[in-house]
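To start, the structure under review is shown below, and the notes come after it.
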Amino acid sequence: MNLKINFGTITNSQWWKEMSCTFHEQIKQYKNSGILILYNADADGFVSTHFLCRIYNKIARKQSRLFFKAVWNYEFKFEWLEEYLFDKSISLVICLDLPIIQEPEVLHSLTLSGKKFLIYDHHIVPQKYLPIEGVSYFNSRLLDNEKSNHPTSIISALLADHVVNLTYNEYLIAAIGLLGDQSLHLYPEYYSLLQEKSRDLFNSDNLWKSRFGKITSLINAFFRANPSKNPKDIHWVLLNLIQKEDDFINIIDSLNSKYGFEIAQKMVNDEVNYYINKLSNSYTEQINKEFICLVLPMRTFSVGIIATILAKRNIAPMVAIGFNADNTIQFEIRRADSEKRSIIDILNIQKKYFTPLTAGGHPMAAGALVKKGDENKFCISFTKAMRETLKG
């Protein structure tokens, strides 16, 4: 099947041609000298990695020099990366759905030592973005004439579509990434095709209540329940299942059996439900609900779900829920549907009063990393910045 025919033109053709050529040429160049795929540990990042794995498998025809590492939001400082690259003798790093471009010092240091970086990210572009030699950076938001925000899963699927014949199961795999990033509905022709061919999976108008939505939730839960672990060989297992041309549900069942998706989902659901009930009861009677900012002692990385649900319930215009990660706190920030202010604009104004270690994301959903002990500074300064946006 040809994904481009069903998906259509994705964006500026020259930009796409440059990116496609760069990805394919660099994978060919470094196929035998060590490639690391760093991906965001969620459905979009997982799916994106499958398609890059598909390209590598076609070009290199062996698996020994391709490495994978899932990276959670609280690891976005990348202090560990230099030692990892030298230990594994890696020459090329492919970063998918990670704001590593916000760490120019890390990139400069590693490129000076001969490492190359290939990046696709759809987070907000840094305000002062300067090209770095040895770093190929692609972000559809960089196009002045296209305010595009294409999730990494569809970009990676289209890249793979240039060199391999994608199966229909891989159309569904790509859609898991899109739905995981709340973006499947933004591609109506593609979505309609899936609905027509897989009515049993898209059996509800509410995507998240459909059979397909529940599968996507399973995969997201798997990563949330294991925030510090990399799933061993999962991408090669998925690739082997795809190549057997098995039924899509059988593929998911096989992954579930091997990696325990349903067990992970129960862990996440139990913890999320506990805190949602506790926090909903706590804030129902409060008068001042301008901004809810909390750090919770969670075992799973599910703070984003809690922040999203609280924001959807309109408990406050903005909600930030924090997660303890070693000596740092990772805040997941969400905006209520009725709120029009951009989280990114607020984070930019916040820097006048307090600067997180890292911060970024999207207008309705973003993240920020702070040192442990600075959580009150973060909450207070974010509230000040919110008030300034109202005045503006």
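No value in this document is a laboratory result; all are computed from the given coordinates. From a predicted model like this one, the values you see are computed outputs, not experimental measurements. Ideal geometry is used to build each Cβ from the backbone, glycine not excepted, and the neighbour counts take in all protein chains shown.
Side notes on the structure shown:
- FRET efficiency for TRP208 and SER109, using Cβ-Cβ distance with R0 set to 51 Å, rounded to 0.05: 0.75
- Calculated FRET efficiency for the pair LYS244/TYR84, C-beta based, R₀ 51 Å, to 0.05: 0.95
- Least to most buried among MET298, MET364 (fewest other Cβ within 10 Å first): MET364, MET298
- Potential lengthening of the chain between TYR168 and ILE263 amounts to 31.4 nm, from the contour at 0.36 nm per residue minus the alpha-carbon distance.
- The dipole here belongs to the range 320-386: it is taken about the Cα centre, uses +1 on the Cβ of Lys and Arg and -1 on the Cβ of Asp and Glu, and is about 240 debye.
- Of LYS115/LYS229; LYS278/LYS372; LYS17/LYS128; LYS229/LYS340; LYS31/LYS197; LYS88/LYS229, pairs whose Cα-Cα distance is over 29 Å: LYS229/LYS340; LYS31/LYS197
- Residue list for the range 315-350, given a label point 7 angstrom along the Cα-to-Cβ vector of ARG141 and an amide N cut-off under 18 Å: 331-336, 340-350
- The range 344-381 versus the range 227-241: alpha-carbon centroid distance in Å: 33
- Note on SER33 and ARG341: the extension gain reaches 106.2 nm, defined as 0.36 nm multiplied by sequence separation minus the Cα-Cα distance.
- Taking every Cα-Cα distance in the chain and sorting them into 10 Å bins from zero, the calculated P(r) comes out as 5, 23, 33, 27, 11, 1, 0 percent.
- Where both bridge residues fall in the chain, DSSP classifies roughly 40% of the beta bridges as antiparallel.
- Among the cysteines of the chain, those whose beta-carbon sits 4.7 Å or more from every other cysteine beta-carbon are CYS21, CYS53, CYS95.
- Among the DSSP helices (H) of the chain, those spanning at least 24 angstrom by Cα along their long axis with an average Kyte-Doolittle hydropathy of -1.0 or more are 43-60, 261-283, 375-391; this is a geometric and hydropathy rule only.
- Cα-Cα over 20 Å, subset of LYS209/LYS244; LYS232/LYS371; LYS289/LYS312; LYS352/LYS384; LYS312/LYS371: LYS209/LYS244; LYS232/LYS371; LYS312/LYS371
- Positive-end residue of GLN182, TYR171, ASN206, charge dipole of the range 92-219 with Cβ unit charges: ASN206
- Taking every DSSP beta bridge that has both ends in the range 242-380, the antiparallel portion is near 75%.
- Look at TRP16, TRP80, TRP236 and count the other Cβ atoms within 10 Å of each Cβ; fewest to most, that gives TRP80, TRP236, TRP16.
- Computed [θ] at 222 nm, helices only, for the chain once each DSSP H run of length n ≥ 4 contributes -39500 (n - 2.57): -15000 deg cm²/dmol
- Once C-alpha pairs closer than 8 Å and six or more residues apart are averaged by separation and normalised to the residue number of the chain, the relative contact order reads 14 percent.
- Scanning the chain for GluC sites (Glu not before Pro) lying in DSSP loops with no more than 14 further Cβ atoms inside 10 Å, the longest uninterrupted stretch between such sites is 291-392.
- Cβ charges +1 (Lys, Arg) and -1 (Asp, Glu), total dipole of the chain, debye: 280
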